[in-house]
Amino acid sequence: MPFLEINGARLHYRWDGPEDRPALVLSNSLGTNLSMWDQQVRDFSRHFRLLRYDMRGHGESGLPAAACTIDELGGDVIALLDALELQRVSFCGLSLGGAIGQWIGIHHPERVGKLVLANTAAKFGTPEDWTARIEQVRRAGIESLLPGALDRWFTADYQAAEPEVVARIRAMLLSTPREGYIACCEALREIDQRALLAKIAAPTLVISGAGDVATPAAQGEFLARAIPGARFLWLPAAHLSNIEAAPQFTSAVLEFLLC
């Protein structure tokens, strides 16, 4: 279980796949850890050396000392690439991970070859919404977010059809340290990258879920219009489309990255 001290935080990361393949970084969403990508590992690692990591305050990574910013979360990835001597990678991020991917494409275009932005946005809700969620978690804990979080992450049909998968993701959310979750909420509250999207030069695939109420397809369409040459795809899923529509997600991402 490898760790690196990155920008004052103990960051947990994991490699999968042959060492001689090009690197693909996977970046997860708020309230999850690197295992949210388990359904992609087998197929992705046939073509790539996968680098997964837990962002600050999530999974096995250390808690942040204070509120996070998108600059810090993106800077963690750049520092991780530097430490692992990776000059240029493909990057696939979902939700907050997709915001991190936007930041890297904007501020460090030389580090990313191709970019996949899934179920994400350039701006997430309103500051008032995030403040209310932060106060709720401080007052009543992450468990108070249930069942609303699962209803945003998965459609009702999927929850009924795949209760074991949903239970695993539920446990993942509940295992997230409260302060780590709050710190990343504080980052999400401040993110607004709308005016900078035209700076992204990497070939980009934007994925949205048809049933995603957390980052609706209209926000994905906005990204695809604002990023030069970006492609847009919607999948029959809610927010965690890489899980709910895993075969379609995996196939679409591989087709894009390998073409």
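Quick notes on this structure:
- Correct option for Cα Rg over 2.2 N^0.38 Å [calculated from the coordinates] among (1) 1.00; (2) 1.04; (3) 0.92: (3)
- Within the chain: Cβ-based charge dipole about Cα centre, in debye rounded to nearest 20 (Lys, Arg +1; Asp, Glu -1): 300 debye
- Contact order relative to length of the chain, as percent, for alpha carbon pairs under 8 angstrom and 6 or more apart: 21 percent
- Relative contact order [Cα under 8 Å, 6+ residues apart], the stretch 33-102, whole percent: 21 percent
- Subtracting the Cα-Cα distance of residue 164 and residue 42 from 0.36 nm times their residue separation leaves 41.9 nm of extension gain.
- Extending 7 Å from the Cα toward the beta-carbon at both residue 192 and residue 123 defines two label points whose distance is 0.5 nm.
- Residue order, fewest to most surrounding Cβ atoms within 10 angstrom, among 36, 172: 172, 36
- Entry note, the stretch 170-259: relative contact order of 24 percent, from Cα contacts under 8 Å with a spacing of 6+ residues.
- Cβ-based net charge around residue 185, under 13 Å, with every Lys or Arg adding one and every Asp or Glu removing one: -1
- Shape class of the stretch 1-99 from the Cα gyration tensor (axes a ≥ b ≥ c, square roots of the eigenvalues): prolate, since a/c reaches 1.5 or more and a/b is larger than b/c.
Bear in mind these aren't lab numbers, they're just calculated from the coordinates by the rules spelled out. Please read these numbers as outputs of a predicted model, since none were measured by experiment. Note that each Cβ is placed from the backbone with ideal geometry, even for glycine, and that neighbours are counted across all protein chains shown.
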